[in-house]
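Student: What follows is a single structure, and I will ask about it in a moment.
Every number in this text was worked out from the coordinates using simple rules, so none of it is lab data. Everything numeric here is computed off the predicted structure, so don't read it as measured data. Cβ sites come from the backbone with ideal geometry, for glycine too, and all protein chains shown count toward neighbours.
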Amino acid sequence: MNLNTILRFFAIYLPTLFTLVIITAYFFSFISKPIFISLILGFLISFINFLIGFVAIKRGINKSDKSFLFIVLGGIIIRFFITFLSIITVLVFLDVSPFYFIFTAFIIYFYYLVIEIFYLKSLKITENL
């Protein structure tokens, strides 16, 4: 199994399975509506953050080192503010469970951060070959 297949599994298939489990649990009334919304919104905010970071890496990977750092680090700053404002907006204006929402958002955020690091490492490995 190559590294891209493993990354695809952890970046796409496993989170999709998580989402389907949450949706199924909601439809069978194992979790309440505020908890369901909290979990889904926490997941979505972190997933959008990951997508922005992935696009920044893809755009910057073939640039010079200085441009790559500018794009990726600039993307990190932009992602931070988007995530921060999204979390504050959800907590203030929507009926969510703050504990489940914040817990999900940060766990999924760190999960995708690890995937980004492994993706960058895989690019470094293929570059050295």
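Student: Cross-chain or 8 or more residues apart, Cα under 20 Å: how many lysine pairs in the chain fit that? Count them up, please.
Tutor: Numbers: K58/K66; K58/K121; K58/K124; K63/K121; K63/K124; K66/K121; K66/K124.
Taking the Cα cut-off of 20 Å, the pair count is 7.
Student: Continuing with the same structure: With a 10 Å Cβ neighbour count serving as the proxy for reagent exposure, in which order, fewest first, do T19, T24 appear? Present the calculation step by step, with values, prior to reporting the outcome.
Tutor: On the way: T19 15, T24 11.
Neighbour counts put them in this order, fewest first: T24, T19.
Student: Nothing charged except the Cβ atoms of Lys and Arg (+1) and of Asp and Glu (-1): what's the magnitude of the dipole of region 3-128 about its Cα centre? Round to the nearest 20 debye.
Tutor: Charge dipole, region 3-128, about its Cα centre: 320 debye, nearest 20.
Student: Next question, about the same structure. For every helix of n ≥ 4 consecutive DSSP H residues, a contribution of -39,500 (n - 2.57) applies; sum these over the chain, divide by its total residues, and give [θ] at 222 nm rounded to the nearest 500 deg cm²/dmol.
Tutor: -29000 deg cm²/dmol
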